[in-house]
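Asks: My structure is below; once you've seen it, I'll send some questions.
Nothing in this text is a laboratory measurement; each read-out follows from the coordinates by a stated rule. Only a predicted model underlies this, so the values are computations on that prediction, with no experimental measurement involved. Neighbour counts run over all protein chains shown; Cβ positions are idealised from the backbone, glycine included.
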Amino acid sequence: MILASALAAAVLFGSGAYLLLKRDLIRMVAGIMLISQSAVVTIMAAGLSRGPAAIAVAPGDAVSDPLPQALALTALVIGLATVALLLALVHRAVVVFRTAEQDELAATEAVHEAGLERQRQADREETEARLEDERRAERERAR
């Protein structure tokens, strides 16, 4: 692997890891994107050769291996799809919760869960009261 490619992959991976550790969702997505790109650079550097492309060459000539290029293209497509999905999820979270900060989302989720638990408790009490009223009415009809 050429030194420049190794350094580029290391810088991309390090930057991606740094961004992934941030508390902002957009920065986390950018970190995932950079780590994905570092994988592509690594794949391309691993398959680097000086031969011509494998298009219409004479038998026995040295050609470059097309497999790393195909793997890199596949990694690019998968990375793009992953980033698109994550950005859509982040957009939805920002629209619903009006924040992209992970801490604020956790606090909002805790408040929401507490409200849901209160609602469930109220529903249980209402159901128990209704069942008790129905049982009482049945006993009175049976007399």
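Asks: Could you tell me which label, among (1) 9.4; (2) 16.4; (3) 12.4, carries the value of mean projected area of the Cα convex hull in nm² calculated for this structure?
Replies: Read-out from the structure maps to (2).
Asks: Something else: Taking the Cα centre of the range 101-143 as origin and charging only Cβ (+1 Lys, Arg; -1 Asp, Glu), how large is the dipole, in debye to the nearest 20?
Replies: It works out to roughly 680 debye.
Asks: Right, something else. Using the alpha-carbon atoms, what tilt in degrees (0 to 90, nearest 10) does helix 25-46 show relative to the longest principal axis of the chain?
Replies: With rounding to tens, the tilt is 30 degrees.
Asks: For the range 1-22 and the range 33-104, compute the distance between their C-alpha centroids and round to whole Å.
Replies: Value for the Cα centre distance between the two parts: 14 Å.
Asks: Over the chain, calculate the relative contact order: mean separation of alpha carbon pairs under 8 Å at least 6 apart, over the residue count, as a percent.
Replies: 20 percent
Asks: I've got another one for you. Let me know the shape class of the range 101-143, please: from the alpha-carbon gyration tensor, a ≥ b ≥ c as square roots of the eigenvalues, rounded when a/c is under 1.5, otherwise prolate if a/b is greater than b/c, or oblate.
Replies: prolate
Asks: What is the angle, in °, between the Cα long axis of helix 3-20 and the longest principal axis of the Cα atoms in the chain? Nearest 10 is fine, range 0 to 90.
Replies: It is inclined by approximately 10 degrees.
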